[in-house]
Amino acid sequence: GVQTCALPIFSFIKHSFMIINYVDWIIIIVFLLLLTAIGMITSRGGADDSTSYFLSKRNMPWWLLGVSMVATTFSLGTPNLITDMVRSGGVAQNWQWWCFLLSGMLTVFVYSKLWNRSKIMTDLEFYEVRYSGKEAAFLRGFRSIYLGFFFNIFILASAALALLKFAAMMLGINPVLALVIISAIILAYSTIGGLKSILWTDFFLFVVAMAGAFIPVFYIINSPQIGGLGNFLTNDIIVDKLSFFPDFTNAQTALTIFLIPITIQWWASWYPGSEPGGGGYITQRILSAKSEKDAVKGTLFFNVMHFAVRPWPWILVGLASLIIFPNLDSMVQVFKDVNPKYIQNDIAYSAMLRHFLPNGVLGIVLASLIAAYMSTVSTQINWGASYLVNDFYSRFINPNASEKKKVLVGRIWTIALIVLSIVLALYLESALQVFQYMLLIGAGTGLIYLLRWFWWRINAWSEISAMIGAMVFSLIVIVFEKTSLVLLDDQTVMFYGFEMQKGFWDTMKFVFVIAFNSLLWITVTLCTRPTEDKILVNFYKNIRPGGPGWKKITQGHAELEKNRMTKDWNVPTGLLCMSISCVGILSMLFSIGYLIYGNYLGFAILLVVTIISAIALFKSWSKIFN
């Protein structure tokens, strides 16, 4: 009986060591132990009360917050998503998320200081600071469940899906077992120390994750199969995928990849980590900052690292994967031990690591990818729990709850979120699928999040109608898609006799939802009762947004009216800083690309533009603070 039981265990160990050896396992185990130790050591004082647990006592420095934002958005699914995009549409496909640099910079220079002034616990608490009536309370309560529970589980499940694929491809163990073990470690430090432990473990995770992102490129590009950077860049398979911009002679491709994202998508949709005007875990970090300047500096550092520095290692590995695995069947043939349901374009990143990296190095990179997963999940569960405690439990269920009780409820929700997300992950298929669904169900809501700070007429009904409209119109296009769309091949579809690229159809769905949803909420805004004057006056006094959109409210209040267009109104300067920083960051991004491509003239020109932008931004910096 003992021998019979030992056979499957021996088989499991043997199979695992066929992929990674004992050195890799030692590195991974030591990494997990170090991470757990850091989480426990820094947990002291992290759960004294709900402010400590969810905002780390509002005294965090900019550099720690910035690093934490970078680490949090460095999900295990991020390299998978970028690999999927590069394999599907080349480097230019990344404009689907590069466009969010605009909303990121707008948050940095216009909205981050406003959030920090509010001194609220979560961005959902904003609703009852800015709006009035039962509709404001409903909006806060509903959004706490919708975002903190349902939507958050969807995000967590997409991260868990990436780990499942990663474990299936790289670790040689049962993917669900790996997911459960790593999730248990996350729960250990995040439930004990709250946001404080998460911020400090994020710092460690950031260092490991960045190292693990750059190491694979050296081994893969210099492998005999690739033949060095020169051969790589001239390979026929990828040479037409290197451009930073799409082919503008192809109208459908240009609209899908570049024009719609850069003109509409960045401000019109709500996407976690890139919310127009800030929101979610980015705002949680902003609210944790010890000053307005720390909030701005931390968010700026995050955007520079997120958009300019970090993408290139993943882009290069994604391109190289097309040379080694030109299609999904080629991966299926090589990795016969991996369940075929996990093999989509997004798994090519893990496939390249497994195919090229030597043992030891592989262990470091695997630890970095586990780090990426843990950073994302620890933040998401703490952020989601903050909604469910502050904006639902203590607001509607038990308003008199003690701080100790709030922390306890937060810990219970934390555990529930991660357990339910594991279950949902088993039903998802690809990272790009999740990305596109999240964009669609947030379409048409972004403009409200920008205007609500600067136009008094926006009310709770504006947000309620936009939220409902996004879901209803998204459902309509999905039904049309299921009943009227004919899939001709992997890249082409037909809709009522009109043949088009699949990506173009996805873009048209998005634009349809934006157009009709925007028309809906604007109509509702103008036809419903505005927020009470008392609430609007108090909001203006505390936040001081300034501008012509508050003229009706500040009239009759001499001091407020005096400062409205002078001391309070620095949005034009913020927009100038936003524009300068966007030019600088994109120049940095593409200068690095030109350096890799061997275009030294392009590199030099864009490097100069980057330096000039940095100097101009430095000169304008002080003007955005009152």
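The values are calculated or read from the model by the stated rules, or taken from the named source; none is laboratory data. As the structure is a computational prediction, the values presented were derived from the model and not from experiment. Every residue, glycine as well, gets a Cβ built from its backbone with ideal geometry; the counts of neighbours run over all protein chains shown. Ligands, DNA and RNA are stripped out before the accessible areas are found, and what is left, the full protein with its side chains, is counted by its heavy atoms. Shrake-Rupley method; radii C 1.70, N 1.55, O 1.52, S 1.80 Å.
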Rank GLY280, THR610, THR554 by how far each Cα sits towards the positive end of the charge dipole of the chain (+1 on Lys, Arg Cβ; -1 on Asp, Glu Cβ) and give me just the farthest.
THR554
In debye, nearest 20, what is the charge dipole magnitude of the chain about its Cα centre with +1 on Lys and Arg Cβ and -1 on Asp and Glu Cβ, if you could check?
2040 debye
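Rule-of-thumb check for region 457-560: C-alpha Rg over 2.2 N^0.38 Å?
Expressed relative to 2.2 N^0.38 Å, the Cα Rg reads 1.63.
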Note to self: C-alpha centroids of region 487-554 and region 299-347 sit apart, in Å, by 33 Å
So what are the three principal axis dimensions of region 15-127 from its Cα atoms, in whole Å, longest to shortest?
55, 44, 24
For TRP569, enumerate residues with amide H under 5 Å from its amide H, sequence gap 5+ or separate chain, H modeled in the peptide plane.
GLY547
Please report the net charge: other residues with Cβ closer than 15 Å to the Cβ of GLY442, K and R +1, D and E -1.
-2
By the gyration tensor of its Cα atoms, with a ≥ b ≥ c the square roots of the eigenvalues, what is the shape of region 509-626: rounded for a/c under 1.5, prolate for a/b over b/c, or oblate?
oblate
Write down Rg/Rh for region 119-193, rounded to two decimals, with Rg from the C-alpha atoms and Rh from the Kirkwood relation over Cα pairs.
1.19
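Below 8 Å between Cα atoms, with a sequence gap of 6+, how large is the relative contact order for region 179-330 in percent?
Across region 179-330, relative contact order equals 26 percent.
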Going by a ≥ b ≥ c, the root eigenvalues of the Cα gyration tensor, does region 203-280 fall in the rounded group (a/c under 1.5), the prolate group (a/b larger than b/c) or the oblate group?
oblate
Express the accessible area of the chain per residue in Å², computed with a 1.4 Å probe while the remaining protein chains stay in the model.
39 Å²
Can you compute 3J(HN,Hα) from phi for each residue in region 142-150, using the Karplus curve 6.51 cos²θ - 1.76 cosθ + 1.60 with θ = phi - 60°, rounded to whole Hz and x for Gly and Pro?
5, 5, 5, 7, 5, 7, x, 10, 5
Kindly identify region 266-316 as rounded, prolate or oblate by the Cα gyration tensor criterion: order the square roots of the eigenvalues as a ≥ b ≥ c, call it rounded if a/c is under 1.5, otherwise compare a/b with b/c, prolate if a/b is larger, else oblate.
oblate
If N is the number of residues in region 69-132, what value comes out of its Cα radius of gyration divided by 2.2 N^0.38 Å?
1.55
Given a 1.4 angstrom probe, I'd like the percentage of the accessible area of region 59-183 that is carbon and sulfur, rounded to a whole number.
70 percent
So how tilted is helix 502-527 from the main axis of the chain? Cα-based, degrees 0 to 90, rounded to 10.
20 degrees
Against the longest alpha carbon principal axis of the chain, how many degrees, from 0 to 90 and to the nearest 10, is the axis of helix 571-597 turned?
10 degrees
Skipping prolines and chain starts, which residues have an amide H placed within reach, meaning under 5 Å, of the one on THR492, given they are 5 or more residues away or on another chain?
LYS502
How large is the charge dipole for region 137-290, taken about the Cα centre, if only the Cβ atoms of Lys, Arg (+1) and Asp, Glu (-1) carry charge, to the nearest 20 debye?
620 debye
Check: C-alpha center region 129-156 vs C-alpha center region 582-604, spacing in Å is 42 Å
Ordering 512-523, 591-602 by per-residue average of other C-beta atoms within 10 angstrom, highest first, gives 512-523, 591-602
Excluding residues on the same chain fewer than 8 positions from LYS196, give the lysines whose Cα lies under 23 Å from its Cα.
LYS57, LYS113, LYS119, LYS290, LYS293, LYS297, LYS404, LYS405, LYS406
Taking protein heavy atoms only, a 1.4 Å probe, and rounding to whole percent, the accessible area of region 293-420 owed to carbon and sulfur comes out at 60 percent
Once amide hydrogens are built 1.01 Å from N within the peptide plane, the residues lying 5 or more places from SER269 or on another chain with amide H under 5 Å from its amide H are GLY444, GLY446
Near LYS336, which lysines are there with a Cα under 17 Å away, not counting those fewer than 8 places off in the same chain?
LYS14, LYS165
Give me the angle, in degrees from 0 to 90, between the Cα long axis of helix 311-324 and the longest principal axis of the Cα atoms of the chain, rounded to the nearest 10.
30 degrees
For the chain, calculated [θ]222 nm from helices alone, where every DSSP H run of n ≥ 4 adds -39500 (n - 2.57)
-21500 deg cm²/dmol
Please work out the ratio of the alpha-carbon Rg of the chain to 2.2 N^0.38 Å and round it to two decimals.
0.96
